[in-house]
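The block underneath contains the structure these notes are about, expressed in structure tokens.
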Amino acid sequence: MDGNGRWAEKNGLERVFGHKEGVSSVRSVVEGAGEMGIEYLTLYAFSTENWNRPKEEVDALMGLLVQAIVNETDNLDKNNVSLRAIGDLASMPPEVQSNLAGAIDKTAENTGLRLVLALSYSGRWELAEATRRIADALKNDKIDKSSINEELIAKYLPTFGLPDPDLLIRTGGDFRVSNFLLWQIAYTELYFTHKLWPEYRKEDLFEAVKDFQKRERRFGKTSEQIRI
């Protein structure tokens, strides 16, 4: 969800106001995903690299995150949305952790859209974390070296139990994935837009999905094979 700071600067505002407006985009996109019957939506809210931003901006982001969780949990629950989070959650401030845990618990039984927040997350971080956990399992004789394959590695990732994404949408005009779900997006369709995140609404999500529906997904096969 990129472009909050640039949107604020473009409008003569401090960067924090871009993040505030970005919350409205989240609300609209979550609503749109629910309307379309999308089952899973993962939002890249805060990367491990974002900790390197100026302290004032990071502190403001953490405050906004707490506020957004508090303000939106009842609405998520009312709309049958369940919340989950992935990332190095232990590195988040205690207030974020406690409010996040409460929201996850409150929405746990909901059966509609599964909303996943990636917080203090990066693809390289999760692969390193999975490698450490697999090394521990080998050391303690819980697994055998010969059992290490793609399926086993996936079990040690924080996204275990979630399907690989069908579509990745990158806002803000940059053409890169920025360390997001590196393992999981091997065959994900990529969609890039110049719209800054605070400008993005559910109508833009609809356009991205329309574009996705026109694509042929072969997963390494030929067109003839997938038509059989």
- Task: Hey, can you grab everything whose amide H is under 5 Å from the amide H of Gly3? Only 5+ residues off in sequence or another chain; H modelled, so Pro and N-termini drop out.
- Result: Trp197
- Message: Counting only helical runs of four or more DSSP H residues, what would the 222 nm mean residue ellipticity of the chain come to if each run contributes -39,500 (n - 2.57) and the total is spread over all its residues?
- Response: -15000 deg cm²/dmol
- Eligible lysines near Lys145 by straight Cα distance, threshold 25 Å, same-chain separation 8 or greater: Lys155
- Query: Amide H of Ser120: which non-local residues (sequence gap of 5 or more, or other chain) have their own amide H closer than 5 Å, using H built in the peptide plane?
  - Reply: Phe46, Ser47
- Item | Rounded to the nearest 20 debye, dipole of the chain from Cβ charges on Lys, Arg, Asp, Glu | 500
- Note on the structure: Listed with the fewest Cβ neighbours within 10 Å leading, Glu95, Glu150 appear as Glu150, Glu95
- Item | Computed lengthening from Ile228 to Met62, 0.36 nm per intervening residue step minus Cα-Cα distance | 54.7 nm
- Net length gained if the chain between Glu189 and Arg6 were fully extended (0.36 nm per residue, minus Cα distance): 63.3 nm
- Message: Going Cα to Cα from Lys214, which aspartates and glutamates come in below 14 Å? Please leave out same-chain ones fewer than 8 positions away.
- Response: Asp166, Glu189
- List, in order, the whole-Hz ³J(HN,Hα) value for each residue of segment 114-131 obtained from phi through the Karplus relation with A = 6.51, B = -1.76, C = 1.60 and θ = phi - 60°; use x for Gly and Pro. 9, 9, 10, 9, 9, 10, 6, 10, 7, x, 5, 4, 5, 5, 5, 5, 5, 4
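Where a number appears in this text, it was derived from the coordinates with a stated rule and is not lab data. In this text, all values refer to a predicted model and were calculated from it rather than measured experimentally. Note that we place each Cβ from the backbone using ideal geometry, even for glycine, and neighbour counts take in every protein chain shown.
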